[in-house]
Amino acid sequence: MLTPSVDCARYQGVSIANGAHSRRSWRRSGGNGARADTVIRLNLNAISTIGVVGLGTIGSQELALWQRSGHQTVGYDISEDQVEAARDIIKANSGPAPRLTTRITDLNEADVLILCLPNLAPTGENSMAAFDHFSGDARALDEKERLWILASTLPIGFTRELAARLGDQGRLVAHAPERFDPGRGTELGEIPRVVGATSAEALNMTVELYKRAGVTTHAVDPVEVAEASKLLENSFRLVNIAFINEFAELCRRIGITAADVIDAAATKPFAFMAHQPGVGAGGTCIPTMPRYLLDAAKESGLKMPILQDAVTGNQQIIERVAEHLRGLLSASGISRGRVLVVGAAYKPNYPDARASAALAFAHGLAAHHSVLVYDPIVDAARFPKDIELVRAIPDEHFDAVVIALKHRNTDIAALRKLSPILIDLVRGAVEVSESISTHK
């Protein structure tokens, strides 16, 4: 899944009254009075240029995929900074160099437009405002038939809604939700894509197009299956993450280590998938996209208490860990301690800290304690200025060390020497000196 997922920093600042999506039509008569039935129909062999709209994490990867496939490409974003960041990402790729631009009219040459737009508002709420913003801007494009592919995670029913909004230009609309796992070392094109569409023609064209780029696809019908499948994937992860964190808390209270139990259960060769505890699911996909599934359930008159509890429980993990730490420090007579938080990115082995649960945890602690964050790879340029960050393990004593996230080669032995209290949230383990109680 923003992926996170699709970059949610793009196309923001557009509010939609009451959260409704505009249904304005894109049908235009044109100065020459041309009729829609005179538009030249698109066929697969005529596709020469791929346009990617939104150059965040996913958009840059999507652009690189089509560049490597040998297609002419145009990458568009409203942000100059995002365009420059994309330039750094794609310059090492083989294939024709993409044209990167902030001018929407540069998309006129594109036969295919792949929309990699954010689905969150700047405040973190789910929002399709970026699509509304782009739909207004795209009126400046020349009227010709294009294949529209929506790569963002979408609410169920949104693909058809956008196709209707496109009017005559929306005959060929498909949904191929991105699947990308930053930090794993896997390219976007190596991961199979589910593809749905509003017509058989659009579906076949999209499947064949990705096939030419070397991407394995799984075609589904109707298009709502594709939309729901991505929401299911993210919801499955969130439910399991919320549960394993609850389980880790139980293990702590009865005096065993959650990781030892998980490792034991993982020896079962079927019907078990190991999940690791931590400070909660972070990023712009797993904690947020399940809300679209809850919206669909509400509209259908259905309650989904398990998923709802997972969403709520994920938000409460940070408070629960902070309360446990306060109890341990209080046992030593410390009300305001010096705390080292290890890890600030939203996931291991990746520098992005947007919507990071570890960083939210550090922020919460900073209201009550003196907090230092240690993360050797997190993007310092985007790191908040109100939290102190170090790149190397500091040479000082702390009242507590909390491992919120582990990158590769995290030196646990060195961290253990810094404090009488070590809380390893990834293992669900608490190590303290004998004078401090581990039970609350």
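The values are calculated or read from the model by the stated rules, or taken from the named source; none is laboratory data. Source: prediction; values computed, not measured. Note: ideal-geometry Cβ built from the backbone for every residue, glycine included; neighbour counts use all protein chains shown. Side chains included, ligands, DNA and RNA excluded: accessible areas come from the protein's heavy atoms. Shrake-Rupley method; radii C 1.70, N 1.55, O 1.52, S 1.80 Å.
Quick look at the values:
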quantity	calculated
Beta bridges per DSSP with both ends in the chain, % antiparallel, nearest 5	15 percent
Karplus-derived 3J(HN,Hα), 6.51/-1.76/1.60, for each residue of the stretch 303-310, Hz, glycine and proline x	9, 10, x, 5, 5, 4, 5, 5
Contact order relative to length of the stretch 380-426, as percent, for alpha carbon pairs under 8 angstrom and 6 or more apart	42 percent
Overall form of the stretch 361-403 per C-alpha gyration tensor (a/c, 1.5; a/b vs b/c)	oblate
Partner lysines for K417 [C-alpha distance under 18 Å; skip if fewer than 8 residues away on the same chain]	K406
Rounded to the nearest 10 Å², the accessible area of D137 at probe 1.4 Å	50 Å²
Cα gyration tensor shape of the stretch 43-113, rounded if a/c is under 1.5, else prolate or oblate by comparing a/b with b/c	oblate
Cβ-defined net charge surrounding E208, 14 Å radius [Lys, Arg +1; Asp, Glu -1]	+1
Heavy atoms of R326: accessible area, 1.4 Å probe, square angstrom to 10	80 Å²
Solvent-accessible area per residue, Å², over the stretch 141-264 with all protein chains present [probe radius 1.4 Å]	38 Å²
Amide H within-cut-off set for T73, under 5 Å, with H built and near neighbours excluded	I50, R99
Cross-link pairs K91/K347; K211/K268; K230/K268; K144/K347 - those with Cα-Cα distance over 31 Å	K211/K268; K144/K347
Placed amide H near A400: partners under 5 Å, 5+ positions off or other chain	R338, L340
Whether the stretch 102-229 is rounded, prolate or oblate, judged on the alpha carbon gyration tensor where a/c under 1.5 counts as rounded	rounded
For the stretch 276-306 and the stretch 316-347, distance of Cα centres in Å	26 Å
Accessible surface of Y76 - all protein chains present, 1.4 Å probe, nearest 10 Å²	10 Å²
Protection-proxy order for peptides 405-413, 114-122, each taking the mean of Cβ atoms within 10 Å per residue, highest first	114-122, 405-413
Neighbourhood charge, 13 Å Cβ-Cβ cut-off, centred on P287 and excluding it, Lys, Arg +1 and Asp, Glu -1	+3
Label of the coordinate-derived value, percent of Cα pairs over 37 Å apart, listed as (i) 31; (ii) 21; (iii) 47	(i)
Computed magnitude of the charge dipole of the chain (debye, nearest 20; Cβ of K, R +1, Cβ of D, E -1)	300 debye
Value of [θ]222 nm, deg cm²/dmol, for the chain, DSSP H segments ≥ 4, -39500 (n - 2.57) each, nearest 500	-10500 deg cm²/dmol
Sequence-separation-based contact order of the stretch 186-299, relative, with Cα cut under 8 Å and 6+ spacing, percent	24 percent
Candidate residues Y350, Y292: accessible-area rank, largest first, probe 1.4 Å	Y350, Y292
